[in-house]
Amino acid sequence: MKTSTFITASLMLAAASAIPAVADANSVSIVQKIAPKSNACAGGEFPDECATADQATSALIQSFIEYNIVTPGEQSALISLMAFETGDFKYVRNHYPAPGRPGQGCRNMMMPEFVAEYAKAKYPSITTTDPGALLNEVIKQGGEWGAASWFYTTKCSDAVKQGLKSGSKAGFSAFITDCVGTTATDERLNNWSVAAKAVGLASV
Ligand SMILES: *[C@@H]1O[C@H](CO)[C@@H](O)[C@H](O)[C@H]1NC(C)=O
């Protein structure tokens, strides 16, 4: 299986020895290619929700290690989805159309019912059932970056997973339509092609 250039050998080694993964310059530059506007947060509309590639990368790596998401097809799909859903990590709560849907969020913009299910599985100390408060707690406990990996692992079929692992555009398209449940627009597909190249998939 082709390995991704995103999680480098040294980071895998750190994971195997249970040392927290620290983003290296190579990984940060890959995230910047996938989310070009994540180079800076200045001047954004939701400054307290914005994260730069520098801030995002180690959390992304940690979540991929936790859920064993190691192929370039899967990693490019998940990072590309998060960048697409958040304007390159500019926000973590749903704002559009205004005033936004309370409780929808994390970096993959999950619907409130999935945020609740994620919290139940991962953050059992959260007891509130108010969607907005629940999302705030998940964010406070550090769950915003792992949500996409949790959703993919828990909600996507084996066929979708095989498709993403294959690294094909058809595989990405099936992930968007059959698992995420939305339309595989040209914009999403083109964004993914950029992401796939960034993690080392040559022929997309
Ligand atoms: C994703 O698509 C939007 C709109 O076409 C574009 O502005 C953005 O640069 C794209 N991102 C990448 C990584 O290609």
Conditions (1) at pLDDT 95 or above; (2) polar (S, T, N, Q); (3) farther than 14 Å from A77 by Cβ: number failed by S203: (1)
Of the conditions (1) of a type in the set (S, T, Y); (2) crowded, with 20+ Cβ neighbours inside 10 Å; (3) free of Cβ contacts under 8 Å to residues at least 60 places away in the same chain; (4) within 14 Å of the ligand (Cβ to nearest atom), S27 fails just one. Which one is it? (4)
Please enumerate the residues belonging to the range 152-172 that are within 16 Å of the chain's Cα centre (by Cα) and of a type outside the set (K, R). Y152, T153, T154, C156, L164, F172
Could you check how many residues of the range 32-53 are farther than 21 Å from A198 by Cβ and within 15 Å of the ligand (Cβ to nearest atom)? 0
Which count do you get for residues in the range 178-196 that are touching a residue at least 40 places away in the same chain (Cβ under 8 Å) and either within 8 Å of the ligand (Cβ to nearest atom) or of a type in the set (K, R) (or both)? 5
Could you identify the single residue in G167, G200 that is on the phi > 0 side of the Ramachandran plot and either aromatic (F, W, Y) or within 16 Å of the ligand (Cβ to nearest atom) (or both)? G200
Pairs under 8 Å by beta carbon, first residue touching a residue at least 60 places away in the same chain (Cβ under 8 Å) in the range 158-174, partner hydroxyl-bearing (S, T, Y) and not in a helix (DSSP H, G or I), six or more apart or different chains? L164/T71; K165/T71; G167/T71
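The values are calculated or read from the model by the stated rules, or taken from the named source; none is laboratory data. Just so it is clear, the structure is predicted and the values come from calculations on it, not from any experiment. When we count neighbours, we look across all protein chains shown, and the Cβ atoms used for this are built from the backbone with ideal geometry, even at glycine.
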